[in-house]
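Beneath this line is the structure, given in structure tokens, with notes to follow.
Here, each number is a calculation from the coordinates, and none is a lab measurement. What you see is a predicted model, and the numbers here were worked out from it, not measured in a lab. Note that each Cβ is placed from the backbone with ideal geometry, even for glycine, and that neighbours are counted across all protein chains shown.
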Amino acid sequence: MFVLTIKDSFSAAHNLSGVGGKCEELHGHNYVVELSVGGKELSREGILVDFRELKDSLRRVILGLDHKYLNEVDFFKNRSSSSENIALYIHRSLEPELREKGLSLIEVRVWESDNSCASYREEK
């Protein structure tokens, strides 16, 4: 299987209830998102998919999160706006589109700092 990974970023604010400490207060992150997709067949041109297509797809999803108070985004109204759930949101938003293109969405990683990330991938 061939695997491609791209990165993009967005800034947003949130607070986490019930976790204790400073994270319960309103605060923000400059999130970095990594998206990894896979497939078995290359095109005639020798590529799995154009990186620009992947970047455009990811950008469309994260624009809905950029400079937002995540707790007010519909997806997070009944669940935590944790990095884990941000990864889930991005995965669910992109998976149908990528599947239509014959790609498997392998993993979404969301970095909330230089040394802390959460990821989501479907179990097969």
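Numerical summary
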quantity: Angle between the chain longest axis and helix 51-63 axis [Cα atoms, degrees, rounded to 10]; calculated: 20
quantity: Average Cα contact separation per residue, the chain, under 8 Å, 6 or more apart, as relative contact order %; calculated: 30
quantity: The chain: angle of helix 83-100 to the longest principal axis, Cα-based, in degrees nearest 10; calculated: 30
quantity: Positive minus negative residues near Val32 (Lys, Arg vs Asp, Glu; Cβ under 11 Å); calculated: -2
quantity: Student exercise, the chain dipole from Lys, Arg, Asp, Glu Cβ charges, in Debye to nearest 20; calculated: 160
quantity: For region 38-107: relative contact order, % (alpha-carbon pairs under 8 angstrom, 6 or more apart); calculated: 35
quantity: Fraction in percent of alpha-carbon pairs per bin - 10 Å, region 2-120; calculated: 13, 46, 27, 11, 3, 0
quantity: Positive-end residue of His67, Ile106, Ala118, charge dipole of the chain with Cβ unit charges; calculated: Ile106
quantity: Count, lysine Cα pairs under 22 Å in the chain, 8 or more residues apart or across chains; calculated: 13
quantity: Sparsely packed trypsin sites (Lys or Arg not before Pro) within region 29-108, loop by DSSP, other Cβ within 10 Å at most 12; calculated: Lys40, Arg44, Lys77, Arg79
